[in-house]
Amino acid sequence: MAVITTAAPAAARARPGRPRRPRYGDLRTALIFLIPATIGFVTFYLVPAVRGAWFSLTDYSVLAPPRFVGLDNYERLVQDPLFWNAMGVTAYYVVMNIGLQTVLAIAIAVLMQRLTRSAFVRGVVLLPYFVANVVVALVWFFMLDFQMGIVNVLLERVGLDPQAFFGDPALALPTIALINVWRHMGYTALLIFAGLQMIDQQVYEAAELDGAGPLRQFWSVTLPLLRPVLALVLVVTVTGSFQIFDTVAVTSAGGPVDATRVIYLYIYQLAFGQLDFGYASALSVVLFLVLLGVALLQLRLTRASESDTN
Amino acid sequence: MSTTIVPATPPATPPAEVPRPAGAPEKGSRRPRWGTVLGWATMIVILLITLFPFYWMLRTAFSTNSELAAQAANLAPAGFTLDAFRRVFGLTTLEESLAQGGAGGRINFWLYLRNSVIMSTAITLGQVFFSAMAAYAFARLRWPGRNAVFAVFLSALMVPGIFTAIPNFVLIKELGLLNTFPGLVLPTFFMTPFAIFFLRQFFLGIPHEIEEAAMIDGASRGRTFLRIILPMSAAPITTLAVLTYIQAWNEYFWPLLVGQSDGVRVLTVALGIFRSQTPQGSPDWAGLMAATLVAALPIVLLFVVLGRRIVNSIGFSGIK
Amino acid sequence: MTTMTSSSRTSTTGRAVAALAAAAVALGAAGCASTSQAATDGTVTLTYWMWDANQVPGYQKCAADFEAANPGVRVNIEQYGWDDYWTQLTARMVAESAPDVFVDHSQQFGKFAELDQILDVSDRVAASGIDLSQYQDGLVDLWRGQDGGLYGLPKDWDTVGLYYNADMLADAGYTQDDLWELEWNPADGGTFEEFVAHMSVDSNGVRGDEPGFDKDNVEVYGLGYNESGGGYGQVQWASFALSNGWTYSDRNPWPTEFRYDEPALVETIGWWRSLVDKGYMPPLAVATSGVGSQEALGAGAYASLIEGSWNARSISELGGADFQVAPTPVGPSGERGTVFNGLSDAIYAGTPHPDEAWAWVEYLASPDCQLRVAEEARVFPAVKEASDRAVAAFQEIGVDADAFSVHVTDGTTTPSPVTDRWAELQTIMQPTMDSVLSFQSDPESLAPANRRVNELLAE
């Protein structure tokens, strides 16, 4: 992946003139160091994933032996309007969730860096992350209730109409995206803050000498230099965002009119509701491939843009 | 590009308090005040939005369930009572809980708290240490196929969890580890793709000279890793450990499947009884909020105690 | 873990690995690691799962009696919330460690029976000489598999009723007896619609049947609901449709065709959603954007609400007002209507103790246990005499349980449709009904949805 390939030459450049080791020099050590992680990887990721890939070629109810059906599940998937709807809904969710979350996180990180080094502020910002996903969803569900939710009570007090946050097909998905922005923006901000700390202040000073104002500094210094951090943050958050499930499951449960039936919820319903593990596995395989593609694309884009900053 | 950034703050020096380089305070005084004011205003709005739901949880936790609907607009607790907390701590009988609009079920709070601590600690220790080993191999050792193998490990990040839950559950069952701590811990004990990714990015930035000096003194790779790399990386490792701990602490689905017996039931699972008991039923709101606050309290305390250290270390977790 | 010890020779790292692994194992030993069900002294411990915490106390009493009568058998009741119950049950079945006996739902048992996960008890019923006529009519058939087997014994039944805010009722000039006389029809809504119109109040205090009623600013909706109900509508539209002469399917259990396209349903849905248009019922978006319809009733946003008998106790205990219940209205068929559903106790096919499990199920289904459960005033047990006892127990705590039992007495119940394709059916019907109720499509769109449902069943 791009991060890997960029990092390696970078490391090489950092130690010029060092004597070259034999080609396989570290192989034995590396293998030993990788033993525990490999046990974990093979046992709890690789084997189940390969088994899942096999199940995607079968008709499998989990409670009876799988029956090989070739590519039937994939053919069904292509013609399944619910699948396409779920992919569309998920993509829409990811765009809203990641877009807003990243912008806010950058804003918070920059504000924290400029305004205060207070541990209290950073602690508060991270606070929502201490609460489990499901509970966060339930708390907001409670607060956004149409009749008795405090948010609507407050809206009415300032003279606005109460909103059916989870019931209106146009609002439900954005609402869920916002809830998850609330939980993750502080966490993301801290990761980005970490990146900001690493930017050499001399760069800013140079920019200031050139007469760049704060906005201009942000666009032409901060943001480009943040790109490597953003690469890691984005790969991790986008991958997580595609797997949105808990929040939907405990609030809108896919409705209204399938407006929030995200792909992960659909897979879950197929697997545990309908015991259709074969088809659910096929959807999982497709989701995996999509995530892989998106990650590669992200890394390529972040790398492509690296050149203009160097 | 990464080379331009990394040397700026050599991660090799993790002092508790970093002397601020030419920093914001002076800048603020040089620039018009309104910019700072605007910045603080924005910050305060963000903090309020962050904190308000916590206030609402607190308010609801001190309320009486049957009064919540009727006093929806009351900013103070609706029918102030400590009953929800009594339910969380298992101080009520089943009949009392039901009468208060809660669910039944015995809650042996301190036992479940202990279990959560054991599970989260074990996961954190194992995952961080083993992931650090792997990250070391990916960042500091040179061997053929390194990047390819790393890419394969990283792709585990994209494997949907739902895909692996059932096979893993069956495996744990076949190993006879249902209702044991190893059963709870094993799937995330050896690695997570995120942990390896995170630490690798950091290890890449450690200057080679330091390591090499140790090697010349005859230290083995293992020794170098334990005596040089790990201590030097205290800050990002603490960061990762905290994030891992929070994650493990909040885990619900896996412990729900694997750890049901009292001896291993963790807080999140035990407190799951505050969620809906019947189809289309509603949760015991007061109990749920009280449970959430109580369950989050230990890690918040941990955060406060380690406070500055963690926050600063987060600021230091070098990402290239 | 054993694979890891091989690395312990290599280095410091190896030793550290081994130490951590050992620590993990030691931690495991600290927890009680036993899932085995037969203890050394020959005692058999049965695991019994249920989801409704409210019912645990009653069944604990049954378990105590059962253990006293069966020395050597212990019953361990475990309860999980509805949201986790079925997922966990499935995982346990996959791992072949499901509970010996568990509470089953009529919409779930079909697939378990089909996949041989639960036992056909018909032979045991015959051998024990259980009189199946002791249960309310229609309940036993809910648990018949496609093969004719009996996959559980009925434990309770439920119907639905019209809950209302008695304080608002008094203000509006209705008496509680009036509500027993309400009638509806799809043409003008009848006295029932007059009732919900009169109970609706806008923000200016104007009632729904008065001139100038502002349907866009409604303070109190005459009738609430929680969602569209999909293809089931148990606490939404089913009572109306069933009293309009409609039935779900060609036969039950195991229908071959559903009837969502029939005019009796289409006109019912058309009238039902017209209440939204008139401002007597909240728009779907509002109804589904809340934590629950019971809370809305409690908050005074709804004057009345159709809900299940299983919630009778919790609604009566809502704060803020006096809440009472009346039967659902009489429809064009001249009768009332309600879905008749219930729960059963099923025996896991993989139980190592089928005989003890059966003894427990037999006891659960006996008048002895069900009379005990009746005393708790939470549900209506399946055994007829226990049903009567439960009605009395409900009356004692101030709930007019006749509102539910009148359906049983009058024979106006329709058993819940039983099919193993229920989850798939709902993925078609839920969005369809949502869409109709939110005025995105017409009630006539039920016909194409019905075709898809029947294609599904024909597969």
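Taken together, the values in this text are just the output of simple stated rules run on the coordinates, not laboratory data. None of the values given here were measured: they were computed from a predicted structure. Note that each Cβ is placed from the backbone with ideal geometry, even for glycine, and that neighbours are counted across all protein chains shown.
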>> Apply the Karplus curve 6.51 cos²θ - 1.76 cosθ + 1.60, θ = phi - 60°, to the phi angles in the stretch C:291-302 and return the couplings in whole Hz, x for Gly and Pro.
In response: 6, x, 6, 5, 5, 5, 4, x, 7, x, 7, 10
>> Could you tell me the center-to-center distance, by alpha carbons, between the stretch C:382-459 and the stretch C:124-140 in angstrom?
In response: 24
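Let's see if you can work this out: charge +1 on each Lys and Arg Cβ, -1 on each Asp and Glu Cβ, no other charges. What is the dipole magnitude of chain C about its Cα centre, in debye to the nearest 20? Don't skip to the end; give the middle numbers.
Working: 24 positive and 67 negative charges, 394 e Å.
Using only the charged Cβ atoms, the result is roughly 1900 debye.
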> Considering chain A as a Gaussian network with a 10 Å cut-off on Cα pairs, which listed residue, A:Ser61, A:Ser252, A:Ser284, attains the greatest mean-square fluctuation?
Replying inline: A:Ser61
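Normalised by the empirical 2.2 N^0.38 Å for globular proteins, what value does the Cα Rg of the protein assembly as shown take?
Values: Rg = 30.9 Å, N = 1089, 2.2 N^0.38 = 31.4 Å.
Normalised Cα radius of gyration, the protein assembly as shown: 0.98.
Taking the Cα centre as origin and putting +1 on Lys and Arg beta-carbons and -1 on Asp and Glu beta-carbons, what dipole magnitude results for the stretch B:105-245, to the nearest 20 debye? Walk me through the numbers on the way to the answer.
Details: 10 positive and 5 negative charges, 48 e Å.
Using only the charged Cβ atoms, the result is roughly 240 debye.
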>> Suppose only helical runs count, i.e. DSSP H with n ≥ 4. What mean residue ellipticity at 222 nm does that imply for the protein assembly as shown under -39500 (n - 2.57) per run, divided by all residues and rounded to the nearest 500 deg cm²/dmol?
In response: -17000 deg cm²/dmol
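Of all DSSP beta bridges in the protein assembly as shown, what percent run antiparallel (nearest 5)? The partial results should precede the final answer.
Numbers: 31 of 46 bridges.
Once the DSSP bridges in the protein assembly as shown are tallied, antiparallel ones form about 65 percent.
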>> To test your reading of the geometry: what angle, between 0 and 90 degrees and rounded to tens, separates the Cα axis of helix C:82-94 from the longest principal axis of chain C?
In response: 40
> Taking H as built 1.01 Å from N, whose amide H comes closer than 5 Å to the amide H of C:Phe380, not counting residues under 5 places away?
Replying inline: C:Trp157
> Roughly how many nanometres apart are two label points built 7 Å out from the Cα toward the Cβ at A:Val78 and A:Trp219?
Replying inline: 4.6
> What does the charge count near B:Gly101 come to, summing +1 for each Lys or Arg and -1 for each Asp or Glu among other residues with Cβ under 15 Å from its Cβ?
Replying inline: -3
>> So if I place +1 on the C-beta of Lys and Arg and -1 on the C-beta of Asp and Glu, and nothing else carries charge, what would the dipole magnitude of the stretch A:80-309 be about its Cα centre? I want it in debye, nearest 20.
In response: 380
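Rounded, prolate or oblate for the stretch C:50-135? Axes are the square roots of the Cα gyration tensor eigenvalues, ordered a ≥ b ≥ c, and the cut-off for rounded is a/c under 1.5. Show your work: numbers first, answer last.
Numbers: a/c = 1.61, a/b = 1.13, b/c = 1.43.
Taking the square roots of the gyration eigenvalues as a ≥ b ≥ c, the stretch C:50-135 is oblate.
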> Relative contact order of chain A: what whole-number percent is it, with Cα pairs under 8 angstrom and at least 6 residues apart?
Replying inline: 29
>> Looking at chain A as a GNM with Cα springs under 10 Å, which of A:Val50, A:Val124, A:Val42 has the largest mean-square fluctuation?
In response: A:Val42
> Along the charge dipole of the protein assembly as shown, which of A:Gly52, A:Ile108, B:Phe52 sits closest to the positive end, that is, farthest toward it, with unit charges on the beta carbon of Lys, Arg, Asp and Glu (+1, +1, -1, -1)?
Replying inline: A:Ile108
> Got a sec? Charge dipole of the protein assembly as shown, +1 on Cβ for Lys and Arg, -1 for Asp and Glu; which of B:Ala70, A:Trp182, C:Ser405 is way out at the positive end?
Replying inline: A:Trp182
> Tally Lys/Arg at +1 and Asp/Glu at -1 over every other residue whose Cβ is under 14 Å from the Cβ of C:Asp156; what's the total?
Replying inline: -2
> Give or take rounding to whole Å, what are the principal axis extents of the alpha carbon atoms in the stretch A:80-309, in descending order?
Replying inline: 63, 48, 27
> Over what distance in Å are the Cα centres of the stretch A:187-204 and the stretch A:249-263 separated?
Replying inline: 37
> So, counting K/R as plus one and D/E as minus one, what does the shell of residues with Cβ under 15 Å around C:Phe439 add up to?
Replying inline: -3
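Determine the shape class of the stretch C:304-459: with a ≥ b ≥ c the square roots of the Cα gyration tensor eigenvalues, call it rounded for a/c under 1.5, and otherwise prolate if a/b is greater than b/c, oblate otherwise.
oblate
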> Average partner chain C-beta neighbours within 10 Å, per residue of C:54-64?
Replying inline: 2
>> Given points 7 Å out from each Cα along the Cα-Cβ axis, report the A:Val95 to C:Gln395 separation in nanometres with one decimal.
In response: 6.3
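For chain C, what is the Kirkwood hydrodynamic radius in Å, using each pair of distinct C-alpha atoms?
Working: mean 1/r = 0.0413 Å⁻¹.
Over chain C, the inverse of the mean reciprocal pair distance is 24.2 Å.
When the Cα atoms of the stretch B:24-99 are enclosed in a convex hull and the volume is divided per residue, what value in Å³ results? Before the final figure, lay out each step's value.
Details: hull volume 8.8 nm³, N = 76.
So the per-residue Cα hull volume is 116 Å³.
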> From the residues A:Phe33, B:Gly79, C:Val453, which one has its Cα farthest along the dipole of the protein assembly as shown in the positive direction, the dipole being from +1 and -1 charges on Cβ of Lys/Arg and Asp/Glu about the Cα centre?
Replying inline: A:Phe33
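For chain C, what proportion of DSSP beta bridges, expressed in % and rounded to the nearest 5, is antiparallel?
Working: 29 of 44 bridges.
Bridges in chain C are about 65 percent antiparallel.
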